[in-house]
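This report refers to the structure that appears directly beneath it.
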Amino acid sequence: MGMQRFLASEPFTFANGAIGWRPGGPMDCIGPFAKVEHCPIEGTELKRTAYATGYADTCFSIPACTKVRGKYIGGFLTVDSDGAVTFRPYKRFVERLT
């Protein structure tokens, strides 16, 4: 089974060039975070596709995941004041990035 949990049908380009996909329609409560392609991973030079794993738990972050070299990386997506999205891994997954 894949990591994608939400429909991703309408594109949105973030300030840093990452491409977010939203479900669209009147019940779209996940925004352009259902799937984010070319998303930079904090603390690395890597860019991967990240997927929302649930609804926003705060107004500042969206739970998400990605894979690096076939290994699951859990974390969350954030958007800075310039409109750039970043995937921030949880500390317990940082060692999988190296």
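Summary of computed values
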| item | result |
| --- | --- |
| Test: residue in the range 61-71 that is assigned to a loop (DSSP other than H, G, I, E, B), buried (at least 17 other Cβ atoms within 10 Å of the Cβ), at negative phi and within 10 Å of the chain's Cα centre (by Cα) | no |
| Sole residue being in contact (Cβ under 8 Å) with a residue 60 or more places away in the chain and among the charged types (D, E, K, R), chosen from Lys35, Lys91, Lys67, Lys71 | Lys67 |
| Residue check for Thr58: out of contact with any strand residue (DSSP E or B) (no Cβ under 8 Å at 6 or more places or on another chain) and at pLDDT below 95 | yes |
| Among residues of the range 22-47, those that are assigned to a loop (DSSP other than H, G, I, E, B), small (Gly, Ala, Ser) and within 16 Å of Thr86 (Cα to Cα), counted | 2 |
| Filtered residues of the range 21-40 (kept if among the hydrophobic types (A, V, I, L, M, F, W, C), over 18 Å from Asp57 (Cβ atoms) and over 14 Å from the mean Cα position of the chain (by Cα)) | Met27 |
| Pairs where the first residue, in the range 5-28, is closer than 20 Å to Cys65 by Cβ and the second is outside any loop (DSSP other than H, G, I, E, B) and among the polar types (S, T, N, Q), C-beta under 7 Å, 6+ apart | Ile19/Thr13 |
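The values are calculated or read from the model by the stated rules, or taken from the named source; none is laboratory data. What you are looking at is a predicted structure, and each value in this text was computed from that prediction instead of being measured. A quick note on method: Cβ atoms are made from the backbone with ideal geometry, for glycine too, and the neighbour counts reach across all protein chains shown.
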